[in-house]
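The values are calculated or read from the model by the stated rules, or taken from the named source; none is laboratory data. Keep in mind that this is a model prediction, so the values were computed, not measured. Heads up, the Cβs are rebuilt from the backbone with ideal geometry, glycines too, and the neighbour counts pull from every protein chain shown. These accessible areas exclude ligands, DNA and RNA; they are computed on the full protein's heavy atoms, side chains included. Shrake-Rupley method; radii C 1.70, N 1.55, O 1.52, S 1.80 Å.
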Amino acid sequence: MRQKVTILSLALAFCAVLAYISISVLTFDTSIEENRTVMAHHLFDELYGKFEKPVTVSKSISENELLIDLLKNETQYESSEIEKIVCGYLSSISKTFKFYPVNIVSEKTRRYYTMNGIAKILDPENEPNDDWYQFFVNSNKKMKIVIDRDKVYDYRWALFINRRIEDEGKLLGMSGIGLFIDDLREEMLKEEKKHGVKVTFINKDGLVQMDTNEANIENTYISEALTDGAENGDFVYTVKKNGSWRITSYIPEIEWYLVIQDFDPSDDDSLLPAFIVLFILTILLFALLIKAQIKKTQPEIIRNDNPHDFLTGLPNRNYLNEAYGEQGIFNTTRYKSLAMFDIDRFKTTNETRDGNKLLLGIVELTKKCVNEHGIIFRWAGDEFVFFLEFDITEAEKRFNDLCREIKEKLDVTISVGIVKVDLTESIKTNYHRAVQLCYKVKANGGNGVSIEE
């Protein structure tokens, strides 16, 4: 009798839960989509506000009538006189808005004005490190936003806004401002935690430009978001095959897409508890002695925690973090030197050649160079880091040979920095010493090796 009462009670509970789900499901989808879209609008307002200020300031610089007049009549001034005026203006912009760097390039004289004076005369035709200016000019875009690592300040990610300066359609030069993106990434992380979502900015190719995970920046694609059909001001809601969702919005002012995805398709599913109860009641009601393992659908998030690079199979920065920690130190005397290199002008080369094939070719040659006497990391994009068992003299010899071999066989060049491992310093500090040497080579045209004296 007691068993019959139990079964009857379970049956009634089963019917009640089923009725609740049937009624709720009729209104569930529409309300959830509306709530998520409202949340997306909120995120857009919060995050795009961080872009509006530098974009607006860059526009005001390029339209400044005094600056336009100075560039039009530049050759009528003494070099020292116009340098003082332009640099004073740039310095006031930097102090007022907390941007760094702030610069002006003159199309007429190719002078590169900074807050501290005329840094150099650009020569894009003959100086490889200056070709970025001609590349921007040839794009015919009024404004271009570039994400890159700052080569002076601790190699941090920075956002650079370049804008044409024109007078009645005639090119006078370019203004540029930069700012570190730490504050924006911090705001993105706060919103991710608050709403349980993943927030990313991508360009028109789907390449990640802004992300709370540094490893994704300029290194990961979300190409599927480009198929959502988001246009100016639209917020397109897409349900993916695994039950998760994505909201995409195109921002024409900066030519980027804002992409919002859920971490877990079940996180905000208000019907999930009812389905779980229904599932348990069904098991009990029929007294089936089955062990059920409930697997949650894995969300399609952008973060990549794999310790090995997908393209080359080499260990990556995640591997290093697992083995040594983000601020770790060398825990062995095995490694005598540390080297790093990246490919000279790789972004330009990648537009005319198969970048992946080129990277794989370089990896094959570097493995022969190291010859199992160390470990190679794919650090980010076209940058590689080496922990080497041989000393700095042997490392210099091998990497000089590698430079020549890469030039001969692949028709590209690399810039290499090598330091002696200091076991009293962190890996990060050893790495940044090598970075400075690498960019010393780049400043001299690339295709070479620099070691610590």
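Spacing of the modelled spin labels on residue 76 and residue 141, each 7 Å from Cα toward Cβ, amounts to 3.5 nm.
Just to confirm the filter: which GluC sites (Glu not before Pro) across segment 167-237 are DSSP coil and have at most 12 other Cβ within 10 angstrom of their Cβ? Kindly include the intermediate steps, with their values, before the conclusion.
On the way: sites: 168, 186, 187, 191, 192, 214, 218, 224, 231; in loops: 168, 218, 231.
Passing sites in segment 167-237 are 168, 231.
Over segment 174-242, the pair-distance histogram of Cα-Cα distances with 10 Å bins from zero comes to 16, 42, 36, 6, 1 percent, rounded to whole numbers. Based on protein heavy atoms only, segment 202-253 ends up with 43 Å² per residue of surface accessible to a 1.4 Å probe.
In µm²/s, what is D for segment 40-187 at 20 °C and 1.002 mPa s, where D = kT/(6 pi eta Rh) by Stokes-Einstein and Rh is the Kirkwood radius from Cα pairs?
Numbers: Rh = 16.1 Å.
Estimated diffusion coefficient is 133 µm²/s.
Working note: Karplus 6.51/-1.76/1.60 with θ = phi - 60° gives segment 158-165 the couplings 9, 10, 10, 10, 9, 9, 5, 10 Hz, where Gly and Pro are set to x.
With the simple model of a label 7 Å out from the Cα in the direction of the Cβ, residue 134 to residue 91 spans 3.3 nm.
Counting pairwise Cα distances across segment 64-129, what percent come out greater than 18 angstrom? Intermediate results must be reported in sequence, preceding the final value.
Working: 762 of 2145 pairs.
In whole percent, the long-distance tail amounts to 36.
Rounded to the nearest Hz, the phi-derived 3J(HN,Hα) couplings of segment 43-48 under the Karplus curve 6.51 cos²θ - 1.76 cosθ + 1.60 (θ = phi - 60°) are 4, 4, 4, 5, 7, 5, where x marks glycine and proline.
Evaluate the charge dipole of segment 51-150 about its Cα centre and quote only its size in Debye, nearest 20, assuming +1 on the Cβ of each Lys and Arg and -1 on the Cβ of each Asp and Glu.
Values: 14 positive and 16 negative charges, 88 e Å.
Here the size comes out at about 420 debye.
Take the Cβ-Cβ distance between residue 444 and residue 350 as r, set R0 to 25 Å, and report the resulting FRET efficiency rounded to the nearest 0.05. Can you show the working numbers first?
Working: r = 23 Å, r/R0 = 0.91.
The value I calculate is 0.65.
Full extension of the chain between residue 239 and residue 393 gives 49.7 nm of extra length, using 0.36 nm per residue less the Cα-Cα distance. Taking amide H atoms as placed 1.01 Å from N in the peptide plane, the amide H of residue 220 lies under 5 Å from those of 208, each 5 or more residues away in sequence or on another chain. Once the dipole of segment 34-81 is set up with Lys and Arg at +1 and Asp and Glu at -1 on Cβ about the Cα centre, which of 75, 39, 57 lies farthest towards its positive end? Comparing the listed Cα positions along the dipole, 39 ranks first.
Near residue 414, the amide H atoms lying under 5 Å from its own belong to 344, 447, 448; only residues 5 or more places off or on other chains count, and H is placed 1.01 Å from N.
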